[in-house]
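Below is one structure; the comments refer to it alone.
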Amino acid sequence: MTAPAPEILNELELDALTELVNLGISQAANNLAKMVREEVILSVPKVTLVGRQEAIRILAERDSKSLVAVHQVFEGDIIGRALLIFPEARSLELVKAVIGGNLPIEEIIELEQEALAETGNVILNGCLATIANLLKRKLKISLPEVLRGESSLFFNLQPPPEAGETVMFIYINFAVRERNIDGYIAMLMDLPSLQTLKVLLGDFIRRTAGN
Amino acid sequence: MVARDTDRQDIVLDAIDAGVIVLDRVGRIVSWNAWMESASGRTAAAVRGKTLTETFPGVESGRLESAVSIALGSGASSILTHALHPTLFPLRSRAGRPLLHDVTVTAIGHQTGAGCLIHLTDVSRAVRRERFLRERQNARYDAVTESAPDVILTFDSEGIIQLANPAAGLKFGYGMADLIGQSATVLFEGQVWKDTWQALIDGRHLRQPVELEGRRKDGSLTYFEVSASRWQTDSRIFVTTILRDINERREILAALRHSEAQARAAASALTELNATLEQRVADRTAKLMETEEALRQSQKMEAIGQLTGGIAHDFNNLLQGIIGALDIVEKRIRAGRIGDVDRFVQGALTSANRASSLTHRLLAFSRRQPVDPRPMDVNLLIATMEELLRRSIGEKTRMTIAAADDIWLVRCDANQLENALLNLAINARDAMPGGGTLEIATSNAVLDAPQAMARNLKPGEYVRLTVKDSGVGMSPDVQARAFDPFYTTKPIGQGTGLGLSMIYGFVGQSGGAVLIESEIGAGTTIEICLPRYRGDLAPQENVPKETVESRTDRNEVVLVVEDEDVVRLLVVEVLNELGYLALEAADGSSALRILQSSQRIDLLVTDIGLPDLNGRQVVDAARTKRTDLKVLFMTGYAENAAGSAFLEPGMELISKPFTMEHLALKISDMIAR
């Protein structure tokens with residue numbers, strides 16, 4: 001097991017990243033709120049950089065081993081995979097929260113796959129695009145794909161990112177229509193991407209400080 | 001060239017069976033393929049250069065705009081699904097039906113900002129198929145659940161109610177819409193539900209219906225029997241429960257249990273009552289019997305008091321005879337005139353014997369006379385008594401004896417039977433003051449059940465002895481009281497009234513019964529039934545009349561135990577005269593010392609009542625070593641020896657007073673055996 005690579009980013013850079021993530025998540029929440037015409041609160045209590053195995057372990061330690069993830073690939077100066085991860089048992093609630101109303105359960109199940117994909121898409125896009133914009137970079141982001149399974153599956157997708165051993169682990173809390181759902185955004189990046197990120201964060205810090 | 005390329009592109013795009021829109025970097029439509037023309041009813045020419053909002057003025061633009069702007073700005077791809085946007089664009093199929101569609105927005109080119117592609121996919125067919133399937137499924141489900149009297153609830157894996165049928169709302173007091181989305185714990189509480197739920201979620205089957213406590217909206221409790229199963233679609237787990245209302249059943253059961261408990265309580269109370277009743281009856285009976293016994297005893301005591309007049313007089317007369325005769329004997333002996341002394345001795349003996357007989361009657365009456373039952377022939381007994389009877393009844397009364405041949409043996413005390421016969425004969429004589437006929441008859445009788453019952457006997461074989469007179473007879477009233485002690489119809493002084501009651505007692509002791517048949521003026525028949533004895537006649541003389549041979553040459557040793565010196569002296573005298581070696585002991589312990597020594601003893605003659613160890617105890621102790629020791633018990637009365645049951649083989653009994661001859665006969669008989 002490779003050790004986590006938090007040393008790649010210094011404390012200042014990590015703070016900057018956390019701020020970026022928060023801005024991105026806020027944008028995602030706005031986008032979502034527009035869509036569902038309800039207040040949506042997405043909060044980010046914590047951002048960490050962990051090793052791939054550590055990420056698998058953290059998720060495996062949750063009550064429910066069965067997880068659902070919305071997966072998108074991003075390409076540009078930074079290459080990686082983004083995953084919005086929920087316990088599978090909560091995904092229906094997420095869908096219900098987004099759809100609203102009292103739809104029969106079968107109908108919700110039917111809509112679940114698409115609704116989950118779109119919701120994840122809105123959140124991940126909002127987050128990634130905002131971060132990319134703030135870092136003055138373009139990211140080509142794929143369409144979403146819904147995955148189900150255990151955490152190890154999500155972090156061993158083929159083809160593996162080259163030396164993609166680092167996971168930016170964002171713990172998020174999602175509140176809409178009196179429902180609270182905890183989940184994660186995980187961004188799996190390779191080392192060159194992480195180094196690029198470090199450079200971009202440095203630029204961002206300089207710009208912000210310069211202002 | 002460029003135009004040709006554009007034409008070629010358009011041709012390709014038109015061939016795609018999906019909607020394709022291309023926007024330039026500022027969101028204006030540059031391409032609009034044939035599919036879009038057909039679905040939207042807008043030609044490419046009409047929309048080219050416009051934005052999507054301009055093209056579809058009523059479109060729900062927020063999400064679409066942000067998707068486009070994010071694609072153009074960041075290069076991010078977006079998906080807008082029919083699930084969240086059921087009517088994004090107003091599209092129609094070629095048949096004019098609403099066209100359900102998903103939309104994706106992706107950036108074009110390696111460098112973002114070049115424009116974006118909007119791709120619309122017709123999902124109508126898939127959605128319709130799904131809806132059709134669902135509706136068909138729902139129809140089936142609804143058909144079952146809507147009309148079901150049972151509550152049917154479907155929960156998701158978190159225990160949230162997803163489906164509820166009308167019965168559910170009704171039974172729990174909720175509106176159906178209120179139930180959906182509620183947690184199961186709102187309706188069910190307690191460990192039973194927890195266990196049941198866990199079992200279901202774990203995929204275990206409920207082996208049997210579980211009784212569950214539910215809570216209505218108003219807080220009241222309601223009871224169900226739950227059957228449930230887990231099911232799965234995709235990877236989702238659901239639990240559908242069917243809850244049968246068992247409130248009524250519970251009430252009935254409770255009522256049943258209550259009434260059962262009541263019945264049980266009543267039954268146990270009854271049992272207890274019965275038990276105490278039985279106990280009370282037993283107590284009362286015992287008390288009654290005690291009282292009766294006490295009454296009988298007091299009657300006897302009273303009788304003895306009453307008897308004192310008559311019997312004491314008789315006894316005094318007899319004693320007078322004895323004392324007078326002995327007086328004379330003494331004087332004659334002293335004077336040397338022993339010539340006719342025999343006559344007076346005989347007179348004294350006669351008086352003494354009569355006194356003995358009198359005490360026997362008293363003892364028999366008081367039931368303290370030891371009964372010495374032996375097998376015997378009734379005919380033989382009558383024959384030996386015939387002369388006595390004739391003399392007793394006098395000349396005016398004719399007597400006939402009709403003895404049946406082959407009469408069965410009976411087992412009873414010969415003396416008492418003699419007494420009984422004598423009593424009956426005298427009674428008969430008294431009933432015929434002017435003379436008449438006395439008929440004595442014997443016969444074998446087999447009593448059937450009614451006959452036996454009339455005599456208070458068990459059915460079976462009996463020997464019947466009847467004494468019939470042709471006298472005055474008895475009224476039913478007199479008959480009813482005939483067996484009562486001291487009841488007599490005779491003038492005072494002529495009888496004690498004990499005759500019949502003594503007969504009654506003796507016959508009863510012997511296992512038989514006495515029956516009176518009488519009518520005023522038509523005479524009286526007394527019938528005595530004695531049970532047949534199945535066995536041999538013992539070689540036994542009933543009444544010893546002969547003299548025992550006076551000497552024996554053998555040196556047999558007899559131990560005499562008697563605390564009364566005079567009696568011991570007499571017995572030893574008899575033994576000496578018979579030629580036996582007599583040893584004496586005045587109490588039980590000194591007797592036992594002799595018995596436990598190696599001294600030869602052929603016979604033990606012992607009183608039953610002794611100062612220390614009683615006779616029986618002496619015998620029991622002695623017999624542990626001398627197992628075959630012959631024993632002759634002497635007794636004045638035999639309270640301890642009721643009946644002869646206590647006599648073991650090699651033991652016999654002689655009642656005081658006895659004649660020396662009788663004693664001698666008994667002793668020699670026992671030693672010889």
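The values are calculated or read from the model by the stated rules, or taken from the named source; none is laboratory data. Keep in mind the model is a prediction, meaning the values are calculated, not measured. Ideal geometry is used to build each Cβ from the backbone, glycine not excepted, and the neighbour counts take in all protein chains shown.
Just one of the listed residues (B:ASP602, B:ASP607) is out of contact with any Ser or Thr (no Cβ under 8 Å at 6 or more places or on another chain) and not aliphatic (A, V, I, L, M), namely B:ASP602.
The set of residues in the range A:106-140 that are closer than 23 Å to A:VAL36 by Cα, facing another protein chain (nearest Cβ under 7 Å) and in contact (Cβ under 8 Å) with a residue 12 or more places away in the chain comprises A:ILE109, A:LEU111, A:ALA115, A:ALA117, A:GLU118, A:ASN121, A:ASN125, A:LEU128, A:ALA129. Tell me, yes or no, whether the range B:133-143 has at least one residue that is on the phi < 0 side of the Ramachandran plot, within 12 Å of another protein chain (Cβ to nearest Cβ), at pLDDT 80 or above and crowded, with 16+ Cβ neighbours inside 10 Å. No, the conditions are met nowhere in the range B:133-143. State whether the residues of the range B:190-197 include one that is loosely packed, with under 15 Cβ neighbours inside 10 Å, within 11 Å of chain A (Cβ to nearest Cβ), of a type in the set (Asp, Glu) and not in a strand (DSSP E or B). No; the residues of the range B:190-197 include none that is loosely packed, with under 15 Cβ neighbours inside 10 Å, within 11 Å of chain A (Cβ to nearest Cβ), of a type in the set (Asp, Glu) and not in a strand (DSSP E or B).
Would you check if B:ARG626 is under 26 Å from B:PHE506 (Cα atoms) and either buried (at least 16 other Cβ atoms within 10 Å of the Cβ) or in contact (Cβ under 8 Å) with a residue 24 or more places away in the chain (or both)? In short, no. Sub-8 Å Cβ pairs linking a first residue in the range A:79-93 that is more than 16 Å from A:LEU42 (Cβ to Cβ) to a second residue that is among the small types (Gly, Ala, Ser) and surrounded by fewer than 21 Cβ atoms within 10 Å (Cβ to Cβ), at least 6 apart or interchain, are A:PRO87/A:SER64; A:PRO87/A:SER66; A:GLU88/A:SER64; A:GLU88/A:SER66; A:GLU88/B:SER235; A:ALA89/A:SER64; A:ALA89/A:SER66; A:ALA89/B:SER157, ordered by first then second residue.
Restricting A:LEU188, A:LEU143 to those that are at the interface with chain B (Cβ under 10 Å from one of its Cβ atoms), within 18 Å of the chain's Cα centre (by Cα), not β-branched (Val, Ile, Thr) and not in a helix (DSSP H, G or I) reduces the list to A:LEU143.
Looking at this structure, is B:LYS625 assigned to a helix (DSSP H, G or I) and either more than 30 Å from B:ARG411 (Cα to Cα) or of a type in the set (D, E, K, R) (or both)? Spelling it out, it is not the case that B:LYS625 is assigned to a helix (DSSP H, G or I) and either more than 30 Å from B:ARG411 (Cα to Cα) or of a type in the set (D, E, K, R) (or both). Of the strands (runs of 3 or more DSSP E) lying entirely inside the range B:28-145, those containing at least 1 residues that are in contact (Cβ under 8 Å) with a residue 60 or more places away in the chain and touching a strand residue (DSSP E or B) at 6+ places or on another chain (Cβ under 7 Å) are B:29-32, B:101-107, B:116-122. Pick from the range B:1-29 the residues that are of a type in the set (A, V, I, L, M, F, W, C) and at pLDDT 90 or above: which of them is surrounded by the fewest Cβ atoms within 10 Å (Cβ to Cβ)? Here the residue is B:ALA18. Among the residues of the range B:51-87, which ones are more than 8 Å from chain A (Cβ to nearest Cβ), surrounded by 18 or more Cβ atoms within 10 Å (Cβ to Cβ), more than 25 Å from B:ARG8 (Cα to Cα) and not hydrophobic (A, V, I, L, M, F, W, C)? Once the filter is applied, which keeps residues that are more than 8 Å from chain A (Cβ to nearest Cβ), surrounded by 18 or more Cβ atoms within 10 Å (Cβ to Cβ), more than 25 Å from B:ARG8 (Cα to Cα) and not hydrophobic (A, V, I, L, M, F, W, C), the range B:51-87 yields only B:HIS85. When the range B:566-601 is filtered for residues that are assigned to a loop (DSSP other than H, G, I, E, B) and out of contact with any helix residue (DSSP H, G or I) (no Cβ under 8 Å at 6 or more places or on another chain), the ones remaining, listed by number, are B:GLY579, B:ASP587, B:SER597, B:SER598, B:GLN599, B:ARG600.
Do we have any residue at all in the range A:39-49 that's of a type in the set (D, E, K, R), in contact with a Lys or Arg (Cβ under 9 Å, 6 or more places away or on another chain) and modelled with pLDDT under 85? Scanning the range A:39-49 turns up at least one residue that is of a type in the set (D, E, K, R), in contact with a Lys or Arg (Cβ under 9 Å, 6 or more places away or on another chain) and modelled with pLDDT under 85.
Counting only strands (runs of 3 or more DSSP E) that sit wholly inside the range B:205-264, those with at least 3 residues that are touching a residue at least 40 places away in the same chain (Cβ under 8 Å), surrounded by 13 or more Cβ atoms within 10 Å (Cβ to Cβ) and over 39 Å from the mean Cα position of the chain (by Cα) are B:236-245. Mind checking whether some residue in the range A:150-163 is more than 30 Å from A:ILE109 (Cα to Cα), over 13 Å from the mean Cα position of the chain (by Cα) and at pLDDT 80 or above? No - not one qualifying residue is present in the range A:150-163. Within the option set B:ALA286, B:ALA335, B:ALA355, being modelled with pLDDT of 75 or more, under 26 Å from B:LEU421 (Cβ atoms) and of a type in the set (A, V, I, L, M, F, W, C) holds for one residue only, B:ALA355. Looking across the range B:425-450 at every residue that is farther than 21 Å from B:GLU395 by Cα and in contact with a strand residue (DSSP E or B) (Cβ under 8 Å, 6 or more places away or on another chain), the one that is surrounded by the fewest Cβ atoms within 10 Å (Cβ to Cβ) is identified as B:VAL446. Within the range B:160-189, the set of residues being touching a residue at least 12 places away in the same chain (Cβ under 8 Å), more than 20 Å from B:GLY219 (Cβ to Cβ) and surrounded by fewer than 17 Cβ atoms within 10 Å (Cβ to Cβ) comprises B:PRO166, B:GLY181. The residues on offer are B:LEU212, B:LEU243, and the sole one that is away from chain A (no Cβ under 14 Å), more than 28 Å from A:GLU107 (Cα to Cα) and either touching a Gly at 6+ places or on another chain (Cβ under 9 Å) or of a type in the set (Lys, Arg) (or both) is B:LEU212. Would it be correct to say that B:ARG48 is within 14 Å of chain A (Cβ to nearest Cβ) and among the charged types (D, E, K, R)? No: the conditions fail for B:ARG48. The residues of the range B:42-71 that are among the aliphatic types (A, V, I, L, M) and in contact with a Ser or Thr (Cβ under 7 Å, 6 or more places away or on another chain), listed by number, are B:VAL47, B:VAL59, B:ALA67, B:ILE70, B:ALA71. Does A:SER91 satisfy the criteria of being touching a strand residue (DSSP E or B) at 6+ places or on another chain (Cβ under 7 Å), part of a helix (DSSP H, G or I), more than 7 Å from chain B (Cβ to nearest Cβ) and polar (S, T, N, Q)? For A:SER91, the condition - touching a strand residue (DSSP E or B) at 6+ places or on another chain (Cβ under 7 Å), part of a helix (DSSP H, G or I), more than 7 Å from chain B (Cβ to nearest Cβ) and polar (S, T, N, Q) - is met.
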